[in-house]
Amino acid sequence: METTATRDRFFDGRNAVRRAVAPQLIGRTLSINDPEGRAVARWDLDDMTVVDQNKANGSMVFTIASDPKPRLVLFDSPQRTALLAAAPKLRRWRSHRRRRGFVVGLAWFLFGIALAALFYFGWRDGSIWVANAVPRKWERNLGDRVRAAMLDGLYACEGKDGKAALESLGRKLLPENVADLPLTIDVVRVKQVNAFALPGNHIFIFSGLIDRARNPDEVAGVLAHEMGHLELRHPTRGMIQQLGLSAVISLMFGGNAAGDVAYLATTLSYTRDMEREADARAIALLQRAKLHTDGLASFFRALKDDKDAGSPLPDWLSTHPGLQERAEAAEQAAQAPDSAPALSESEWRTVQTICTAP
């Protein structure tokens, strides 16, 4: 007569051969042993999930999230009972599946609402409504994937002290309504004078911008400008307008086109009104942090001087409001008498050498 122990089966995912096995719980690891007691696989309990349960014979099918191809079929036995007791989440697999189904269903429901909004309000105004309705955590999923794809193809500067100085400055400037997500600031070795924001509180700064800046207040002004874009959700709006809603939702939920979007992120086109809004928010953020506000104006003036001297205008400014207009608007902002430089001299030196320091 076949016992419960000998009925348990394991499929390694490489072929259709099934093996008789006997599970053995060792701490937080399930050792899947053959009849001679040799381990054919070892699974971490925290990595295990339930695929299904046979209603006729009660057997449960398990796999692991990190490699879903193998299958372990366990019938009711003291060993399976011990496994379920050690990993209670495996007993609640049906509720987890229902929750996941609810999330997916909600995503498609919102997708339908968003499409209706886009058609009703028009593509531009509709994208504003959709971007504002996207949960911040979904934005983070989108930004995480695009950021990873970008870092895969760029040299990230890892000067420890320079990164610490920029991150400290970033925390001072971070808008309150996006502070629920962590902020990442990546400096990459690219000569172009550029900076841009990704959904989910990610900011990229090109080393060419740091090289062009004459003081830390200019870098702080640009950083505050990008945070203004984040606060106003301009990156998400830009991606929806340029990629299409379905592609953005696909990326939020694990689509594989992040690499194709990475280049787009560096060339996101904002309207002039969006740029003016981000400039205004930058000044407000600098004022709130009690930092000098004249860095943004001096940076625009320096770029205007370069342009007047025949230097090409950076791509990221090609569709922006005029540099003269932006400089004048920034200069009109009141600078508090107790405002301070964005960084100390020593911190500024670490930022300037962030791509060469160990």
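Residue by residue through segment 175-202, note down the ones that are part of a strand (DSSP E or B), under 12 Å from the mean Cα position of the chain (by Cα) and crowded, with 24+ Cβ neighbours inside 10 Å.
Selection gives ALA197, LEU198, HIS202.
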Study note, to complete from the structure: Within segment 140-174, residues over 17 Å from the mean Cα position of the chain (by Cα), assigned to a loop (DSSP other than H, G, I, E, B) and buried (at least 19 other Cβ atoms within 10 Å of the Cβ) come out as CYS157, GLY159
Exercise for review: Hand me the list of helices (runs of 4 or more DSSP H) wholly inside segment 217-332 holding 2 or more residues that are buried (at least 21 other Cβ atoms within 10 Å of the Cβ) and modelled with pLDDT of 90 or more.
Suggested key: 272-288, 294-308
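The values are calculated or read from the model by the stated rules, or taken from the named source; none is laboratory data. Just so it is clear, the model here is predicted, and its values are computed rather than measured. All Cβ positions, glycine included, derive from the backbone under ideal geometry; neighbour counts span all protein chains shown.
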